[in-house]
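Read through the structure below, which is laid out as structure tokens, and then see the notes.
The values are calculated or read from the model by the stated rules, or taken from the named source; none is laboratory data. Source: prediction; values computed, not measured. Note that we place each Cβ from the backbone using ideal geometry, even for glycine, and neighbour counts take in every protein chain shown.
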């Protein structure tokens with residue numbers, strides 16, 4: 001058994017940037033992957049910062065799926081929150097989305113799987129940070145996202161007869177995981193390759 005202890009100490013100033021101020025919000029396009037379709041053993045984290053995934057690899061023959069939520073405030077309600085634990089504290093992460101469609105194929109290919117599956121979602125922050133590493137944030141990589149709510153309100157103005165979904169990851173040890181491979185453009189290209197069905201990014 002390891003005798004190494006975790007040393008939780010601050011390692012940076014907490015100062016707002018005047019040159020590159022933070023902005024709120026998410027962009028409209030996102031990505032979702034079946035949790036078991038990820039080849040976790042082949043994924044690579046940045047050696048200097050384990051909260052950065054430099055390479056996200058899928059199992060052979062698997063792919064990522066695109067998400068698109070229109071409007072000025074897509075994925076409203078997506079959040080992360082501290083969760084107090086007995087021996088170790090963790091984080092709960094939630095992703096809210098809408099599926100502006102309905103019908104037998106939507107139920108078969110999207111809603112039923114969302115109701116019972118485990119997922120990883122990648123959303124694009126409007127705030128990219130000074131070097132772009134803030135851009136793509138990954139939800140569910142550590143524990144997986146599972147549905148905590150699914151609803152189809154035929155008179156909802158928010159979903160226009162489609163579905164709303166809340167996916168939640170509980171017990172995540174990290175407050176945030178980000179996907180970044182050299183540049184924002186290169187990371188976006190890698191994500192496109194996952195959608196196309198390539199086995200790695």
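For this structure, a couple of remarks:
- Output for segment 88-104, where each listed residue is in contact (Cβ under 8 Å) with a residue 12 or more places away in the chain and either farther than 18 Å from residue 31 by Cβ or assigned to a loop (DSSP other than H, G, I, E, B) (or both): 88, 90, 91, 92, 100, 101, 102
- Check on residue 141, touching a helix residue (DSSP H, G or I) at 6+ places or on another chain (Cβ under 7 Å) and on the phi < 0 side of the Ramachandran plot: no
- Criterion (surrounded by fewer than 16 Cβ atoms within 10 Å (Cβ to Cβ) and within 15 Å of residue 144 (Cβ to Cβ)) met by exactly one of 82, 40, 91: 40
- Answer from 98, 195 - the residue that is within 29 Å of residue 23 (Cβ to Cβ) and crowded, with 16+ Cβ neighbours inside 10 Å: 98
- Residue in segment 105-124 that is exposed (fewer than 15 other Cβ atoms within 10 Å of the Cβ) and assigned to a loop (DSSP other than H, G, I, E, B) present: no
- 1 or more residues within 19 Å of the chain's Cα centre (by Cα) and either over 18 Å from residue 165 (Cβ atoms) or modelled with pLDDT under 95 (or both): qualifying strands (runs of 3 or more DSSP E) within segment 1-80: 26-34, 52-55
- Subset of segment 129-141 (residues that are surrounded by fewer than 17 Cβ atoms within 10 Å (Cβ to Cβ) and touching a residue at least 24 places away in the same chain (Cβ under 8 Å)): 129, 130, 132
- Every test in (1) at pLDDT below 95; (2) closer than 24 Å to residue 192 by Cα is passed by residue 137 save one, and that test is (1).
- Residues in segment 57-77 that are closer than 21 Å to residue 94 by Cβ and surrounded by 18 or more Cβ atoms within 10 Å (Cβ to Cβ): 5 in all.
- Per the conditions (1) surrounded by fewer than 15 Cβ atoms within 10 Å (Cβ to Cβ); (2) touching a residue at least 12 places away in the same chain (Cβ under 8 Å); (3) under 30 Å from residue 18 (Cα atoms), the sole criterion not satisfied by residue 148 is (3).
- Considering segment 126-153, the residues that are closer than 17 Å to residue 190 by Cβ and assigned to a strand (DSSP E or B) include one that is nearest to the chain's Cα centre (by Cα), namely 138.
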